[in-house]
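Beneath this line is the structure, given in structure tokens, with notes to follow.
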Amino acid sequence: MKVIWAMAKAFIPRTFLALGLAFFDLSSVAAQDMGIVPYGAIPVPPAIWVDQSSSTTGQSGPAGDPIYFSGGEIGKSFEGLAITERDFYGEKFDDLVGQPNSPLTLQFDSGGANLWTGILDKNDKGTSFIAGVTEFGKQQVGAGSVAIRFDEPICQFGFKARVNTPLRPISGNYMRGPIGVIFYADDGSILGEFLLGKGDIYYYGFSLPAGSIPNVSGVTIENIDEGGVQIFDMKYLADCMPFLS
């Protein structure tokens, strides 16, 4: 997975920058279409919900069965991407490699390591979450990739993510594993890629420049956090609002 080196510097401890080369492809890319904006600047409430009638958790449907929401569907990755193993300090994670096919189409793990859905703890008032499941290693729930496919192109996207690993020392620094996010057009071309981190709960927003024609058809989310990551309160908007200029 490619990410921007400047973003890595902004979020990851110095000693991890060298380590990052081993786990993420940090080669330079052309100027990105998507940019980071405050989560709260996207003027819509969370719109991607997981239907949960109780506080129990369980794996989503059989392999190849997406999670649907009103404007799209959620799966494991996109066709054309290979799901390989990434090793980080002995922990195993999904690593999406390659370029998605055109048109952008969800794909699933034939062995059933796809998505996990559930309810966050009582402090989050029953908020539902989605977590990727990996077939690699012992920490399977939360260590896998998640892919979101939109029915119509969008301009803005935001999500929250809970990181479940306590801060711990690595080479004298304290850190949690980062989250990698890539946005795609329908033909599989990359519109933006980010390596993000810090905190117990992340609040992220992304947008095309004001006045752009919406062309974001999908997004993938990966991580290398030892305790796994839960994704929730996702929202999106088709309009490229002028106040973001």
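The values are calculated or read from the model by the stated rules, or taken from the named source; none is laboratory data. Just so it is clear, the model here is predicted, and its values are computed rather than measured. With ideal geometry, Cβ positions are generated from the backbone for all residues, glycine too; neighbour counts draw on all protein chains shown.
Could you tell me which residue of segment 181-207 is modelled with the lowest pLDDT, considering only residues that are in a loop (DSSP other than H, G, I, E, B) and under 24 Å from Leu81 (Cα atoms)?
Just the residues of segment 181-207 that are in a loop (DSSP other than H, G, I, E, B), to begin with: 185-189, 197-200.
Retained after the next criterion (residues that are under 24 Å from Leu81 (Cα atoms)): 185-189, 197.
Numbers: Ala185: 96, Asp186: 96, Asp187: 96, Gly188: 96, Ser189: 95, Gly197: 71.
Checked segment 181-207; the qualifying residue modelled with the lowest pLDDT is Gly197.
Under the condition of being out of contact with any helix residue (DSSP H, G or I) (no Cβ under 6 Å at 6 or more places or on another chain) and not in a strand (DSSP E or B), which residue from segment 208-223 is surrounded by the most Cβ atoms within 10 Å (Cβ to Cβ)?
Only one residue fits best here, namely Leu208.
Can you find even one residue in segment 15-23 that is part of a loop (DSSP other than H, G, I, E, B) and either under 24 Å from Gln156 (Cα atoms) or modelled with pLDDT under 65 (or both)?
For segment 15-23, residues part of a loop (DSSP other than H, G, I, E, B) and either under 24 Å from Gln156 (Cα atoms) or modelled with pLDDT under 65 (or both): absent.
Within the set of pairs 6+ apart or on separate chains, which have a first residue in segment 219-245 that is hydroxyl-bearing (Ser, Thr, Tyr), a second that is assigned to a strand (DSSP E or B) and at pLDDT below 90, and C-beta atoms under 9 Å apart?
Tyr236/Ile48
Suppose the filter is modelled with pLDDT under 95 and hydroxyl-bearing (Ser, Thr, Tyr); does Ser245 pass it?
The answer is yes for Ser245.
Take the residues in segment 26-66 that are modelled with pLDDT of 85 or more and of a type in the set (Val, Ile, Thr), then tell me which one is farthest from Glu222 (Cα to Cα).
Ranking the candidates gives Val44 first.
Under the condition of being of a type in the set (S, T, N, Q) and modelled with pLDDT under 80, which residue from segment 111-127 is nearest to Asp94 (Cα to Cα)?
Residue satisfying both the conditions and the ranking: Thr127.
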